[in-house]
Amino acid sequence: MPFDLSARRSGIVLHLTSLPGPHGLGDLGDEAHRFVDWLAACSQSLWQVLPIHPVGPGHSPYQCPSAFAGSPWLVALAPLVRAGWLDARALATAPAFGEAHADYERAIPWRWAMLQQAAAGFAARATPADRQRFEAWCAAAADWLDGWCLYAALKDAHHGQPWWAWGEPLARRDAAALRAARTTHAEAMRVHAFVQWVFDGQLQALRDHAHRRGVLLMGDVPIFVAHDSADVWLRPDLYFMDERHELTVVAGVPPDGFCPDGQRWGNPLYRWERMAADGYAWWVARLRRALAQADLVRVDHFRGFAGYWEVPAACPTAREGRWAPGPGAALFEAFRAALGPELPIVAEDLGTITPDVIALRDGFGLPGMRIVQEAFGGWGDGSPAANAKHPFLPHQHVPHALAYSSTHDSDTARGWWDQARPEVRAFAAEYLACNDAARIHWALIRATSQSVARLALFPLQDVLGLGSEHRMNRPGTADGNWRWRFRWTMLEGDAGTGLAHITTAAGRAG
């Protein structure tokens, strides 16, 4: 299904792990298909998920150990039972998972045991047609699959230690050591390949179902990868590291009014001049993979392509960083040459935005983001006239943009209202024509939906009018994030009909 950026659409931001389900966290199974049906019933035609790669420290989807592999923990188990590869009785061994939060600590080891059993069942009982499909998929995905499977198998064998702790021959990718590892860990690599095949098949089945219901999937591409990742281990020459495999500089953002020390993310930084030497082949392959899994992708920290904040690795904060030039237009020209002139990309253009960032975004016709909730915090000298000029207010939007009521990184609409300063609340109440805490989420959604921006998105927590305790992430904190889940009972009542009425009135119904 082609993605038409000229159509007015709206949809929901909800990560797959936030879906209901019996096995500790949401996944690509039946509940995801049911959520698509709910979206269609509410006249929504867009579903944005967070990155779908394996998660990193703190279970963050933005600290991924692979820019290409899918998360094994998003693989649904019931389809494996229906395929005959997993014994239904094995699911009875599941711990007593709760419903309100993703239980990564217990779900991950249990799910992995189930996936291993399913891989063994496939090896023993798969039909010739299934085996042929698996082998054909492995051959098509070989450019990234082999490296990921070897990395994942070695990480398992080393009890989760990072790749630079596997001993120098493997850390330096000595050819003899790699040959021996492939022989020793061939069976484990086969299991990881099977899991990736199942992941891709389940994601495609979900996408096909969404298309039948008129719903498009929007993915999310983090700009950086983790130090302990297959990508860095496979191509260390593309990152700033020393001979001991330690990072010399790391990613972050400079100090601002919200974070006086800035944010030290700690990701490795790209050697863009080396990536340019082969036409940015790694990045082209990464975007091609992302667009094979979604109809549109949001590229996180887009400003980093124009210029990024480089922090010395020895610095505990981001205060001592400096701006360094990114690849700029050359990277996006490479995307166009490989993927076509119309790039289905949304630029996450938040933060310190300079003219070069705007020129890069607009030069390639990429829609940027407008967060309506953030428009009420004051602008300029804080006077009413100055506040009215905030670019995130709906009357300041442009058609070629994506308007959000809030995001996965911000407070919920209700939580924001409850904690807003009096002057912020007064301005928002006047602008939104609402001073009722119980209805403020609808006022924010309505204003976002009525924007001239062609695309509009609302986190599910906003649609449900939930408070701060339901937010997905608190940037700058390490614990308690990425865990929120909804229950189907939350969608009862007027949430769906209210959303459908607003969508229809704003001309966004399919």
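The values are calculated or read from the model by the stated rules, or taken from the named source; none is laboratory data. In this text the structure is predicted, and so the values were computed from the model without any measurement. Cβ atoms come from the backbone with ideal geometry, glycine included; neighbour counts cover every protein chain shown. Just the protein is used for accessible areas: all its heavy atoms, side chains included, with ligands, DNA and RNA removed. Shrake-Rupley method; radii C 1.70, N 1.55, O 1.52, S 1.80 Å.
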Check on residue 222, modelled with pLDDT under 95 and on the phi < 0 side of the Ramachandran plot: no
Pairs with Cβ under 6 Å, 6+ apart, first in the stretch 29-57 and under 16 Å from residue 218 (Cβ atoms), second among the charged types (D, E, K, R) and open to solvent by 20 Å² or more (accessible area, probe 1.4 Å): 36/213; 40/213; 45/9; 46/9
Yes or no: the stretch 152-167 includes at least one residue that is outside any helix (DSSP H, G or I), under 28 Å from residue 285 (Cα atoms), in contact (Cβ under 8 Å) with a residue 40 or more places away in the chain and out of contact with any Cys (no Cβ under 9 Å at 6 or more places or on another chain). yes
Which listed residue, of 466, 491, is more than 19 Å from residue 9 (Cβ to Cβ), in contact with a Leu (Cβ under 8 Å, 6 or more places away or on another chain) and open to solvent by 10 Å² or more (accessible area, probe 1.4 Å): 491
Helices (runs of 4 or more DSSP H) wholly inside the stretch 358-458 that include at least 1 residues being touching a residue at least 60 places away in the same chain (Cβ under 8 Å): 440-449
Is it true that some residue in the stretch 487-498 is in a loop (DSSP other than H, G, I, E, B) and either in contact (Cβ under 8 Å) with a residue 40 or more places away in the chain or touching a strand residue (DSSP E or B) at 6+ places or on another chain (Cβ under 9 Å) (or both)? yes
Can you tell me which residue in the stretch 307-322 is farthest from residue 255 (Cα to Cα), limited to those that are open to solvent by 20 Å² or more (accessible area, probe 1.4 Å) and in contact (Cβ under 8 Å) with a residue 24 or more places away in the chain? 313
Looking across the stretch 374-425 at residues that are touching a His at 6+ places or on another chain (Cβ under 6 Å) and open to solvent by 40 Å² or more (accessible area, probe 1.4 Å), the single one that is modelled with the highest pLDDT is 414
Within the stretch 274-289, track down each residue that is under 19 Å from residue 227 (Cα atoms), open to solvent by 10 Å² or more (accessible area, probe 1.4 Å) and not hydrophobic (A, V, I, L, M, F, W, C). 274
